[in-house]
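Trainee: Okay, here's the structure, questions in a sec.
Coordinate-derived values only; no laboratory data. Remember, it's a predicted structure, so these values are computed and weren't measured experimentally. Every residue, glycine as well, gets a Cβ built from its backbone with ideal geometry; the counts of neighbours run over all protein chains shown.
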Amino acid sequence: MTSYIVQLVLIGGVTSAGVYLLLERSLVRMLMGLLLISNAVNLLILFAGGESGRPPIRGATSSSSEHTVDPLTHAMILTAIVITMGVAAFVLALAYRSYQLTTADEVSDDPEDTRVSRLSDEEATTIDADRPPPPGLYKDTDAPDELDAVPGDKGSR
């Protein structure tokens, strides 16, 4: 029982460190946080998979256990590792390009987002008031469809 709690506390610690790093402004720290969170989730999936057992191969035996291990958890972890490496490569490319353009690793605030967040609710509604409604929003549903009537057609024959 104690070993389960220790493993869960360690997984929680790694997850919380990953969340802390993910909330930073630096792209490299965000990447490290993403990797920590993904590794913690992989450990949690492995931990939730149950005890080790015989390999899930027909005819394979193991003298130490009587039951076969569930291969789904291992397949899920391998898939998650591949997806994490793809996302990590994308974030690294994004960080490299951002560093090339701005020579800074930090993500800056968008000036338009800052301006909009400072607006009061009344100013925000007046900005949206002059926007035209999307097309087809107030369409009459009792009117016949445009595709039903064929020009030059006098009715069904």
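Trainee: Given R₀ = 25 Å, what would the calculated FRET efficiency be for LEU92 paired with VAL19, taking r from the Cβ atoms and rounding to 0.05? Working shown, then result.
Mentor: Details: r = 20 Å, r/R0 = 0.81.
Calculated transfer efficiency: 0.80.
Trainee: At q = 0.14, 0.19, 0.21 Å⁻¹, what log₁₀ I(q)/I(0) does a Debye calculation on the Cα points of region 51-91 give, no solvent, two decimals?
Mentor: Here log10 of I(q) over I(0) equals -0.46, -0.62, -0.68.
Trainee: I need the trypsin sites (Lys or Arg not before Pro) found in region 17-87, filtered to DSSP loop residues with at most 10 other beta carbons within 10 Å of theirs.
Mentor: Numbers: sites: ARG25, ARG29, ARG58; in loops: ARG25, ARG58.
When the trypsin sites (Lys or Arg not before Pro) of region 17-87 are filtered for loop state and at most 10 Cβ neighbours within 10 Å, ARG58 remain.
Trainee: Residue by residue, what Karplus-based ³J(HN,Hα) values in Hz, rounded to whole numbers, does region 15-22 have, using 6.51, -1.76 and 1.60 with θ = phi - 60° and x for Gly and Pro?
Mentor: Result, ordered by residue: 5, 5, 5, x, 5, 4, 5, 5 Hz.
Trainee: In addition: Rg over Rh of region 1-82, using C-alpha atoms and the Kirkwood radius, what does it come to? Can you show the working numbers first?
Mentor: Values: Rg = 16.2 Å, Rh = 14.5 Å.
Rg divided by Rh gives 1.12.
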